[in-house]
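Below: one structure, written as structure tokens.
The values are calculated or read from the model by the stated rules, or taken from the named source; none is laboratory data. Note that the structure is predicted; figures quoted are calculated from it, not measured. Cβ sites come from the backbone with ideal geometry, for glycine too, and all protein chains shown count toward neighbours. Accessible surface is based on the protein model in full, side chains and every heavy atom, while ligands, DNA and RNA are left aside. Shrake-Rupley method; radii C 1.70, N 1.55, O 1.52, S 1.80 Å.
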Amino acid sequence: MLNKELHEGINDQINKEMASAYLYLSMAAYLEGNNLSGSAHWMRKQAEEEMEHAMKMFDYMFDRGNQVTLLAIDAPPAEFSSPLDVFEQVLAHERKVTGLIHSLYALSIEHKDYAAQTFLQWFVNEQVEEERNADGIVQKLRMVGDKGHALLMIDRELGAR
Ligand code: FEO
């Protein structure tokens, strides 16, 4: 069984992962509404990944003999000022999530929970990839600025995810 702190921490993180899915789905809606269907597709996939992260944690809680208590999810923002604004917010959000995962990992070390460390290691590595992907898109969008043609090329690229 997970100790109380880790139990509550992972239970909270299930909520955070689902809130991330909700945020990314809202971003997908904004992008779709602005005729950037490739970017919207990328963001939808991202939302699906967040649900997979949540479900990995959900299952793990039961693997360890713990119960899950689902918490409320706040409404995400619906308006963004540009595609660059969207992806900058994704990057900032992922950095915040990395901090949360690291705190959980630190807890598992503190409590000498070796099994939880192995489980959380996957998320530590995943966050490296999440930040790198978001950062790569932010860099490209900054490069093209508001040049419509280049933006459409990036949109097509993101649609191939
Ligand atoms: Fe579940 Fe994007 O980290």
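Can you tell me how many residues in the range 111-136 are touching a residue at least 60 places away in the same chain (Cβ under 8 Å) and either open to solvent by 90 Å² or more (accessible area, probe 1.4 Å) or closer than 16 Å to GLU94 by Cα (or both)?
Of all residues in the range 111-136, those touching a residue at least 60 places away in the same chain (Cβ under 8 Å) come to 111, 113, 116, 122-123, 126.
After this cut, where a residue has to be either open to solvent by 90 Å² or more (accessible area, probe 1.4 Å) or closer than 16 Å to GLU94 by Cα (or both) as well, the list is 122-123, 126.
Matching residues across the range 111-136 total 3.
With the requirement that a residue be surrounded by fewer than 16 Cβ atoms within 10 Å (Cβ to Cβ) and among the aliphatic types (A, V, I, L, M), what does the range 80-110 give you?
Step one: of the range 80-110, the residues surrounded by fewer than 16 Cβ atoms within 10 Å (Cβ to Cβ) are 81-82, 85, 92, 95-96, 99, 102-103, 106, 109-110.
Selection gives ALA92, ALA106, ILE109.
Is there any pair linking a residue in the range 71-94 that is within 20 Å of HIS41 (Cβ to Cβ) to one that is of a type in the set (Phe, Trp, Tyr) and open to solvent by 50 Å² or more (accessible area, probe 1.4 Å), with Cβ under 8 Å and at least six apart or on different chains, and which?
If the second residue must be of a type in the set (Phe, Trp, Tyr) and open to solvent by 50 Å² or more (accessible area, probe 1.4 Å), the pairs left are PRO76/TYR22.
Please go through (1) buried (at least 22 other Cβ atoms within 10 Å of the Cβ); (2) of a type in the set (A, V, I, L, M, F, W, C); (3) within 15 Å of the ligand (Cβ to nearest atom) for ALA54 and return the number of the only condition it doesn't satisfy.
(1)
Under the condition of being open to solvent by 70 Å² or more (accessible area, probe 1.4 Å) and not acidic (Asp, Glu), which residue from the range 34-49 is farthest from SER81 (Cα to Cα)? Spell out how you get there, then give the answer.
Residues of the range 34-49 open to solvent by 70 Å² or more (accessible area, probe 1.4 Å): 34-35, 44-45, 48.
Restricting the remaining residues to those that are not acidic (Asp, Glu) gives 34-35, 44-45.
Working: ASN34: 11, ASN35: 14, ARG44: 19, LYS45: 22 Å.
This residue is LYS45.
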